[in-house]
Amino acid sequence: MTQAWLVLTGPDGRDVAAPSEAQLAAALADVYGSKAPVSDDGPGSAVLRFGYDDGLMYEMEVSSGGAVRFAEWSDRDCEIALASPRTMTVPAQSDALQLWRLMAQRQVAKIRNQPWRD
């Protein structure tokens with residue numbers, strides 16, 4: 001049987017398997033509150049990924065300023081993109097948390113129906 005998994009990579013780079021809603025909110029608070037580390041690549045971000053042991057993986061990255069990127073992959077190794085990454089800006093932390101809730105609930109169709117720019 002295929003096992004689903006959910007992993008949060010926080011702004012500090014640490015992975016949290018099966019994060020709670022409080023952990024999701026705390027990671028977003030760090031990103032939106034400018035506590036996210038800044039690297040040579042720009043401001044910090046947090047990424048929520050979910051997928052299945054034998055296949056598909058989805059990831060949603062939220063960066064400071066509310067920049068959101070959603071990507072779909074054929075597997076956990078990100079070998080084949082199933083679609084071009086979608087982007088949007090979500091100024092409110094609560095809206096970003098709602099998007100992550102959809103990720104945690106594996107609601108891909110609802111995520112795809114969001115007002116993406118691309």
Practice problem: For the range 7-22, name all the residues that are of a type in the set (A, V, I, L, M, F, W, C) and either part of a loop (DSSP other than H, G, I, E, B) or free of Cβ contacts under 8 Å to residues at least 24 places away in the same chain (or both). | Solution: VAL16, ALA17, ALA18, ALA22
Exercise. Kindly indicate whether TRP73 is crowded, with 19+ Cβ neighbours inside 10 Å and at pLDDT below 95.
Key: yes
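Among the candidates ALA25, ALA36, which residue alone is among the small types (Gly, Ala, Ser), at pLDDT 95 or above and either assigned to a strand (DSSP E or B) or surrounded by 12 or more Cβ atoms within 10 Å (Cβ to Cβ) (or both)?
ALA25
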Quiz item: Between residues in the range 40-58 that are open to solvent by 10 Å² or more (accessible area, probe 1.4 Å) and residues that are of a type in the set (Val, Ile, Thr) and at pLDDT 95 or above, which pairs lie under 8 Å by C-beta distance while being six or more apart or on different chains?
Solution: SER45/VAL62; VAL47/THR9; VAL47/VAL62; ARG49/VAL7; ARG49/THR9; TYR58/ILE111
Quiz prompt | Scan of the range 86-97 for residues that are surrounded by 13 or more Cβ atoms within 10 Å (Cβ to Cβ) and assigned to a helix (DSSP H, G or I), ordered by number | solution = GLN93, ASP95, ALA96, LEU97
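The values are calculated or read from the model by the stated rules, or taken from the named source; none is laboratory data. Everything numeric here is computed off the predicted structure, so don't read it as measured data. Quick reminder, even Gly has a Cβ in these numbers, built from the backbone with ideal geometry, and neighbours come from all protein chains shown. Quick note on the areas: whole protein, heavy atoms, side chains included, nothing else; ligands and nucleic acids left out. Shrake-Rupley method; radii C 1.70, N 1.55, O 1.52, S 1.80 Å.
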